[in-house]
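A.B. asks: Dropping a structure here in structure tokens format, bear with me for questions.
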Amino acid sequence: MNPILSVEGVTAGYGRVTVLHDISLEAGRFGNVGLFGPNGHGKTTLLRAISGLLQPKSGRILFDGQDIAGHSARAIVGAGLIHVPQGNRLFPDLSIADCMALGAYSPRARPHEAENREKVIKLFPKLAERWRQRVRTLSGGERQMVSIGTALMSHPRLLILDEPTLGLAPKIKDELCASVMDISRGGVPLIVVEQDIEFLLELTQQLYLVNHGAVATEIKPGESLDHGEIMSMYFGH
Amino acid sequence: MSALAEILFGGLFQGSLYAMMAVGLALVWTTIGVFNFSHGVFMMLGAYIAWQLVELGLPAAVAFPIAVVVMAGVGWILQASVVRPLIGRPNIVLVVVITTLAAGSLIENGALTVWGPRSKQIPALIAGNTTIGGVGVSLHQIAIIVITPLILAALWMFLNRTRLGLALRAVAQNEDAGHLVGLNVTALYGLAFAIAASLAGLAGIFMGGYRFMSPVMGSDPLLKALIVVVFGGISSISGPIFAAYLIGFFEAACSYYFGLYWTPALLFGVLILTLMVRPEGIFASRSRGLA
């Protein structure tokens with residue numbers, strides 16, 4: 001299977017600060033991909049470069065064979081690469097209904113709006129109960145559901161989740177993990193950034209340890225790892 | 001009885017003009033997060049373009065809508081030239097105050113060069129006068145009092161009932177998230193400016209049919225609109241609308257009881273008091289957003 005996304009030698013950063021140093025990785029060849037590693041080492045920056053929020057300084061980002069490096073976020077959303085950013089800040093004063101309508105904003109997603117809305121409601125029945133409520137009045141877990149639901153409304157061909165369980169209670173984490181698993185089984189490949197390694201091991205088949213703005217270690221399927229080994233990667237040998 | 005009628009009528013009329021101005025300021029602030037100091041010049045330019053078109057022989061019913069549409073283009077161009085290039089820079093709020101003030105000054109002096117300093121007037125929306133509750137009023141003013149709420153209601157419907165309006169409200173709340181659902185953020189910024197300029201231009205046309213026009217006719221309404229948005233809170237568009245009418249009534253009452261001379265001082269008293277007691281504005285919620 002060809003990778004749906006391949007990042008080839010991308011360098012990116014903010015102003016004069018370079019965060020990503022010639023980073024390369026692939027997603028979609030072996031199923032879902034997990035990214036982990038210490039904070040402040042470029043995971044979020046990588047996602048921002050992939051989704052067009054940040055223009056990479058050099059390198060190629062191939063999505064389904066097309067180089068999307070430097071394209072606008074709108075064009076990338078239009079191609080079906082959907083990024084759920086960290087921290088579920090979203091649109092605090094819009095209702096859930098509004099967020100779902102916005103998710104279906106791109107011309108590619110518009111014809112699938114009704115069908116995707118049903119999928120979201122099936123996946124997160126709680127949202128239907130609060131359909132007209134403002135996002136700011138929801139709990140952290142519900143806001144994360146809205147974030148992911150909005151992304152599903154965009155009819156993703158590849159879904160990128162940045163720390164979806166950040167700040168959530170363990171029980172809600174488990175529920176969310178099950179929902180994300182459902183999305184994956186529905187045929188949408190995932191890239192997930194997560195600090196919770198258990199969550200990643202359950203959800204993904206291929207792992208990258210991102211350290212100092214580059215891939216430090218790649219873990220392919222079959223090369224299973226135990227928790228202790230990952231911890232030692234995190235904290236050095 | 002006639003005192004009350006006079007204050008009520010004056011308040012509604014002034015409030016209408018202020019609301020049209022203040023809504024545009026609030027729209028630009030909530031979506032882009034900048035304050036547009038060329039807003040008063042939009043008002044002047046709308047009136048002058050309408051005057052020019054009428055002068056060329058077009059009937060008012062054709063000239064006025066054309067002027068409003070042209071103003072949308074002017075707003076878009078101004079945004080693209082002196083606001084958009086600065087987005088993402090540090091101190092953008094202050095920098096845009098300076099660039100829009102500069103652009104406004106250039107346009108104002110351009111108007112002075114092109115059209116000259118002599119006062120002009122454009123046709124009233126409806127000619128003639130009538131008497132209500134013992135107060136003589138022009139039909140033009142009544143037309144403004146009736147039309148303004150309709151336009152503001154239409155704007156509200158646009159923002160709250162259409163997908164494009166939803167996109168504008170969304171980008172006002174979270175620009176990055178707007179990018180990530182595929183919104184054309186640059187175009188939405190342009191749209192916010194275009195709508196604001198159109199409304200200001202229309203306010204100018206309203207005013208030009210009632211008072212004499214001059215190239216500096218926009219500066220006083222801009223100042224009043226500033227008081228309105230500080231008083232009502234600039235973080236929504238409904239706040240400034242209510243505030244505009246309140247300030248309109250306040251101004252009308254002040255000029256009735258204390259005279260025109262004291263009115264500006266009293267208005268600024270309200271401004272200072274608001275800034276001291278409730279700096280976010282009396283109708284403001286804590287966050288930025290259009291509703």
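The values are calculated or read from the model by the stated rules, or taken from the named source; none is laboratory data. Small disclaimer: the values here were computed from a predicted structure and weren't measured. Glycine gets a Cβ as well: all are built from the backbone with ideal geometry, and neighbour counts include every protein chain shown. Accessible surface is based on the protein model in full, side chains and every heavy atom, while ligands, DNA and RNA are left aside. Shrake-Rupley method; radii C 1.70, N 1.55, O 1.52, S 1.80 Å.
A.B. asks: Within region B:163-185, track down each residue that is within 7 Å of chain A (Cβ to nearest Cβ), assigned to a helix (DSSP H, G or I) and under 20 Å from residue B:34 (Cβ atoms).
C.D. replies: Scanning region B:163-185 gives B:167, B:169, B:170, B:173, B:176, B:177, B:179.
A.B. asks: Here's a follow-up. Name the residues in region A:134-155 that are within 14 Å of chain B (Cβ to nearest Cβ) and open to solvent by 20 Å² or more (accessible area, probe 1.4 Å), would you?
C.D. replies: Result: A:134, A:136, A:137, A:143, A:152, A:155.
A.B. asks: Let me ask another. In region B:225-253, what residues are among the hydroxyl-bearing types (Ser, Thr, Tyr) and closer than 11 Å to residue B:14 by Cα?
C.D. replies: Hit for region B:225-253 is B:245, nothing else.
A.B. asks: All but one of (1) open to solvent by less than 10 Å² (accessible area, probe 1.4 Å); (2) more than 20 Å from residue B:194 (Cβ to Cβ) hold for residue B:42, so report the exception by its number.
C.D. replies: (2)
A.B. asks: Counting only residues that are without any contact (Cβ under 8 Å) to a residue 40 or more places away in the chain and surrounded by fewer than 22 Cβ atoms within 10 Å (Cβ to Cβ), which one in region A:117-126 is nearest to the other protein chains (Cβ to nearest Cβ)?
C.D. replies: Let us first name the residues in region A:117-126 that are without any contact (Cβ under 8 Å) to a residue 40 or more places away in the chain, namely A:117-118, A:120-122, A:125-126.
Right, trim to surrounded by fewer than 22 Cβ atoms within 10 Å (Cβ to Cβ) and you get A:117-118, A:121-122, A:125-126.
Details: A:117: 14, A:118: 19, A:121: 18, A:122: 21, A:125: 23, A:126: 21 Å.
By that ranking, first place goes to A:117.
A.B. asks: Could you please give the count of residues in region A:2-19 that are touching a Gly at 6+ places or on another chain (Cβ under 9 Å), over 18 Å from residue A:207 (Cβ atoms) and not hydroxyl-bearing (Ser, Thr, Tyr)? Full working, then the answer.
C.D. replies: Our first condition is that a residue be touching a Gly at 6+ places or on another chain (Cβ under 9 Å); within region A:2-19, this holds for A:2-13, A:18-19.
Of the ones still in play, those that are also over 18 Å from residue A:207 (Cβ atoms) are A:2, A:8-13, A:18-19.
Still in the list and also not hydroxyl-bearing (Ser, Thr, Tyr): A:2, A:8-10, A:12-13, A:19.
Here the count works out to 7.
A.B. asks: If residue A:48 meets every condition in (1) more than 7 Å from chain B (Cβ to nearest Cβ); (2) open to solvent by less than 40 Å² (accessible area, probe 1.4 Å); (3) touching a helix residue (DSSP H, G or I) at 6+ places or on another chain (Cβ under 9 Å); (4) part of a helix (DSSP H, G or I) apart from one, which number is that one?
C.D. replies: Answer for residue A:48: the failing condition is (2).
A.B. asks: Right, another one. Exactly one of (1) at pLDDT below 90; (2) over 21 Å from residue B:143 (Cα atoms) is unmet by residue B:223. Its number?
C.D. replies: (1)
A.B. asks: So how many residues does region B:131-162 have that are within 14 Å of another protein chain (Cβ to nearest Cβ) and either surrounded by fewer than 16 Cβ atoms within 10 Å (Cβ to Cβ) or acidic (Asp, Glu) (or both)?
C.D. replies: The qualifying residues number 3.
A.B. asks: Hey, can you tell me all the residues within region B:211-220 that are open to solvent by less than 10 Å² (accessible area, probe 1.4 Å) and closer than 14 Å to residue B:36 by Cα?
C.D. replies: B:218
A.B. asks: Please go through region B:187-210 and pick out each residue that is open to solvent by less than 20 Å² (accessible area, probe 1.4 Å) and not in a helix (DSSP H, G or I).
C.D. replies: B:209
A.B. asks: Taking region B:163-185 as the region of interest, how many residues are open to solvent by 20 Å² or more (accessible area, probe 1.4 Å) and under 15 Å from residue A:100 (Cβ atoms)?
C.D. replies: 1
A.B. asks: I would also like to ask the following. Listed residues A:74, A:89, A:108; which is open to solvent by 10 Å² or more (accessible area, probe 1.4 Å), within 22 Å of residue A:3 (Cβ to Cβ) and at the interface with another protein chain (Cβ under 9 Å from one of its Cβ atoms)?
C.D. replies: A:108
A.B. asks: Right, another one. Take residue B:236 and decide whether it is at pLDDT below 90, hydroxyl-bearing (Ser, Thr, Tyr) and either crowded, with 21+ Cβ neighbours inside 10 Å or over 20 Å from residue B:158 (Cβ atoms) (or both). Walk me through how you get there before you give the answer.
C.D. replies: Details: at pLDDT below 90: yes; hydroxyl-bearing (Ser, Thr, Tyr): yes; either crowded, with 21+ Cβ neighbours inside 10 Å or over 20 Å from residue B:158 (Cβ atoms) (or both): yes.
So residue B:236 fits the description; yes.
A.B. asks: If you take just the helices (runs of 4 or more DSSP H) that sit entirely in region B:211-291, which of them hold at least 1 residues that are touching a residue at least 40 places away in the same chain (Cβ under 8 Å) and more than 17 Å from the chain's Cα centre (by Cα)?
C.D. replies: Helices (runs of 4 or more DSSP H) meeting the threshold: B:238-257, B:263-277.
A.B. asks: I've got another one for you. Please return the ranges of helices (runs of 4 or more DSSP H) entirely within region A:67-175 where 2 or more residues are within 17 Å of the chain's Cα centre (by Cα).
C.D. replies: Values: elements: A:73-79, A:96-103, A:113-123, A:125-129, A:140-153.
Counting at least 2 such residues, we get A:73-79, A:140-153.
A.B. asks: Do any residues in region A:133-148 that are of a type in the set (A, V, I, L, M) have Cβ atoms under 9 Å from those of residues that are open to solvent by 60 Å² or more (accessible area, probe 1.4 Å) and assigned to a helix (DSSP H, G or I), where the two are at least six apart or on different chains, and which pairs are they?
C.D. replies: A:135/A:143; A:145/A:126
A.B. asks: Give me the pairs: first residue in region A:61-83 and free of Cβ contacts under 8 Å to residues at least 24 places away in the same chain and of a type in the set (Gly, Ala, Ser), second residue open to solvent by 40 Å² or more (accessible area, probe 1.4 Å) and in a strand (DSSP E or B), beta-carbon distance under 8 Å, and six or more apart or on different chains, which are they?
C.D. replies: Here the result reads none, with nothing in region A:61-83 linked to a residue that is open to solvent by 40 Å² or more (accessible area, probe 1.4 Å) and in a strand (DSSP E or B).
A.B. asks: For a quick check of your reading of the model, give me the residue pairs whose first member lies in region B:109-126 and is surrounded by 13 or more Cβ atoms within 10 Å (Cβ to Cβ), whose second is of a type in the set (Lys, Arg), with beta-carbon atoms closer than 8 Å and at least 6 apart or on different chains.
C.D. replies: Taking only residues 6 or more apart or on different chains, the pairs are B:121/B:211.
A.B. asks: Another one. Of everything in region B:81-98 that's open to solvent by less than 40 Å² (accessible area, probe 1.4 Å) and touching a Phe, Trp or Tyr at 6+ places or on another chain (Cβ under 9 Å), which residue is farthest from residue B:172 (Cα to Cα)? Steps first, answer last, please.
C.D. replies: First pass over region B:81-98, keeping only residues open to solvent by less than 40 Å² (accessible area, probe 1.4 Å): B:82-83, B:86, B:92, B:96-97.
Narrowing the set further to residues that are touching a Phe, Trp or Tyr at 6+ places or on another chain (Cβ under 9 Å) leaves B:83, B:96-97.
On the way: B:83: 16, B:96: 17, B:97: 19 Å.
That would be B:97.
A.B. asks: While we're here: Looking at region B:50-107, which of its residues are under 18 Å from residue B:31 (Cβ atoms) and without any contact (Cβ under 8 Å) to a residue 12 or more places away in the chain?
C.D. replies: B:77, B:85, B:88, B:89, B:95
A.B. asks: Could you check how many residues of region A:7-43 are surrounded by fewer than 20 Cβ atoms within 10 Å (Cβ to Cβ) and within 15 Å of the chain's Cα centre (by Cα)?
C.D. replies: Qualifying residue count, region A:7-43: 2.
A.B. asks: Filtering region B:55-79 down to residues that are open to solvent by less than 40 Å² (accessible area, probe 1.4 Å) and farther than 18 Å from residue B:21 by Cα, which residue is modelled with the lowest pLDDT?
C.D. replies: Among those residues, the one meeting the criterion is B:60.
A.B. asks: Okay, moving on. Which condition number in (1) open to solvent by 10 Å² or more (accessible area, probe 1.4 Å); (2) away from chain B (no Cβ under 14 Å); (3) within 30 Å of residue A:230 (Cβ to Cβ) is the one that residue A:53 fails?
C.D. replies: Condition not satisfied by residue A:53: (2).
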